[in-house]
Amino acid sequence: MATRHHARMAVVSLLYAYDLGNGSIADHTDEILEEKKIRNKQKDFALALFEGVMENLEACDKAIIEHLKEWDFERLGAIERATLRLATYEILFGELDSAVVINEAVEITKAFGTEQSPKFINGVLDAISKDKPE
């Protein structure tokens, strides 16, 4: 049975595909989630996250860019960018405590990213969380 962690990992995969130029990925989310065995409540959760990120992509990217220190947004790896987008959406628009969101993002990055990615993701998201408007 899929967990919310699995659902988030699936959303990062969808955002990764979108970032690599697959603009029609939104038309195939149901099949992709089914393939990853993300069903029922977790599927609804994943779809809400994906749609939320896509609807707020500009705001999420703006927040990320503002908190990148000496780093160019376009130079970010696609996995790191996808993970940052998801977590930034959850920090800015979600209901979970920022620490939980950051921890999830770090764990996802450990699975998909490079050795340096978790520390980088943690730092950027921590900065976004601290600047989050109340």
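No value in this document is a laboratory result; all are computed from the given coordinates. Predicted model only: the values in this text are computed from it and were never measured. For neighbour counting, all protein chains shown are included, and Cβ atoms are generated from backbone atoms with ideal geometry for every residue, glycine included.
For segment 43-60, backbone phi angles converted through the Karplus equation (6.51, -1.76, 1.60; θ = phi - 60°) give residue-by-residue couplings of 5, 4, 4, 4, 5, 5, 5, 4, 5, x, 4, 4, 5, 10, 4, 4, 5, 5 Hz, Gly and Pro being listed as x. Measuring between alpha carbons in the structure, the pairs from LYS41/LYS69; LYS36/LYS62; LYS41/LYS62; LYS43/LYS130 lying more than 32 angstrom apart are LYS41/LYS69. If the chain linking GLU58 and ARG39 were pulled fully straight, counting 0.36 nm for each residue of separation and taking away their Cα-Cα distance, it would gain 4.0 nm. Between segment 8-30 and segment 60-131, the C-alpha centres lie 17 angstrom from each other. Kirkwood's formula applied to the C-alpha pairs of segment 56-97 gives a hydrodynamic radius of 10.5 angstrom. Extending 7 Å from Cα along the Cβ direction at LEU68 and again at LYS119 yields two label points whose distance is 2.0 nm. Between LYS130 and LYS110, the distance separating the two model label sites (each 7 Å from Cα on the Cα→Cβ line) works out to 2.3 nm. Assign one of three labels to segment 63-134, namely rounded, prolate or oblate, based on the Cα gyration tensor with a ≥ b ≥ c the square roots of its eigenvalues; rounded applies when a/c is under 1.5, prolate when it is not and a/b is larger than b/c, and oblate otherwise. Oblate.
In straight-distance terms, cross-link reach from LYS37 covers every one of the lysines whose alpha-carbon lies under 22 Å from its own, apart from those fewer than eight places away in the same chain; here that gives LYS110. Entry note, the chain: relative contact order of 25 percent, from Cα contacts under 8 Å with a spacing of 6+ residues. With 0.36 nm allotted per residue and the present C-alpha distance subtracted, the ASP97-SER24 stretch has 23.1 nm of extension available. Computed from the Kirkwood radius of its Cα pairs, the Stokes-Einstein diffusion coefficient for segment 1-126 at 25 °C and 0.890 mPa s stands at 170 µm²/s.
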